[in-house]
Amino acid sequence: MTLHPMKTLMADAHAGGYAVPAFNCANLEMIQCVLRTAAELRAPVILGIHPVEIAYMGSASIAVAIARGVAEDLKVDFAIHQDHGDSVETCIRSIRGGFTSVMYDGSHLPIAQNAANAREVVKIAHACGVTVEGEVGTIGMTDEFGTKLENAHLCDPEMAVELADTGIDCLAVAIGNAHGFYTETPELRFDLVEEINKRVKIPLVLHGGTGIPRDQVQQAIRMGVAKMNVGTALRYAFVKAAADTIAAEVVKDLALMTIGTAGITAGADVVRDYMDICMCAGRSK
Ligand SMILES: [Zn+2]
């Protein structure tokens, strides 16, 4: 295994015309599913672990120990990334626990405060060789905003410049994407991506990857998106597999491992699909 700072994987993707998917993982089985499938496809991959998922696993160092343990005997290039940290302290805890990348999400704050906090995270993270992702615009939930986002939630290119100036390594942009299942087909605002690209030279990150049509994702990749986050699709596969397995009455045998294994199998199909959309299979060194 090779555990990389996330920016190394993203720089290769940016140069190679593909994106590295970041899959949200909340437990051992999800991490096994993602890392084993990535190794099988020789695809670089990012484990995206949200602070809520870190709390569920116990701590940042437990999440890192699980990931390192699973990867130990695999030939896989990966990064361990903290998704959506809403405070400097949260990011510091993840860095201390061994994450190789953190997202500082100050998008709910006025831009000056968002930038000031991002600058602090960058200083600490870069001293430790850890990558930093920032966010401008509000990438909300599909059920909160629908797919027709108001301009107020979209990424303002001027603010993108202000945040990029803090030294962050990559930027999550709100360009018509949202978290959760889309209720109608999203239409990414490529005009906005073009505006951002004129002013900001770091790789972009596309959140809310579940359900964005393949052609739009690949257009976004051609325009500088080097990482795409996928949470909902993998969670759904695991939960549905668990529900179906329970319905099949494994409960009476107390076959907990059967439920986990069904999730890993169902999840692997989702990971393969998004690897294909991101065009990253076979890109590992
Ligand atoms: Zn997100």
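FYI, it's all coordinate maths here, none of it is from the lab. What you see is a predicted model, and the numbers here were worked out from it, not measured in a lab. Note that each Cβ is placed from the backbone with ideal geometry, even for glycine, and that neighbours are counted across all protein chains shown.
Annotation note: of I212, I259, I246, I221, the sole residue that is closer than 25 Å to R283 by Cα, among the β-branched types (V, I, T) and more than 15 Å from the ligand (Cβ to nearest atom) is I221. Considered as a group, the residues in the range 87-98 that are within 16 Å of the ligand (Cβ to nearest atom) and closer than 18 Å to A26 by Cβ include one that is surrounded by the fewest Cβ atoms within 10 Å (Cβ to Cβ), and that residue is T90. Residues in the range 10-32 that are surrounded by 23 or more Cβ atoms within 10 Å (Cβ to Cβ) and more than 14 Å from I46 (Cβ to Cβ): 1 in all. Here C155, C128 are screened, and the one residue that is within 15 Å of the ligand (Cβ to nearest atom) and either aromatic (F, W, Y) or more than 27 Å from T37 (Cβ to Cβ) (or both) is C155. In summary, helices (runs of 4 or more DSSP H) completely within the range 169-262 and bearing 1 or more residues that are among the hydroxyl-bearing types (S, T, Y) and surrounded by fewer than 20 Cβ atoms within 10 Å (Cβ to Cβ) occur at 232-247. Just one of the numbered conditions (1) out of contact with any Lys or Arg (no Cβ under 8 Å at 6 or more places or on another chain); (2) within 16 Å of the ligand (Cβ to nearest atom) is not true of S101: (1).
Only one of the numbered conditions (1) touching a strand residue (DSSP E or B) at 6+ places or on another chain (Cβ under 8 Å); (2) within 13 Å of the ligand (Cβ to nearest atom); (3) farther than 20 Å from G17 by Cα is violated by A160, and that is (2).
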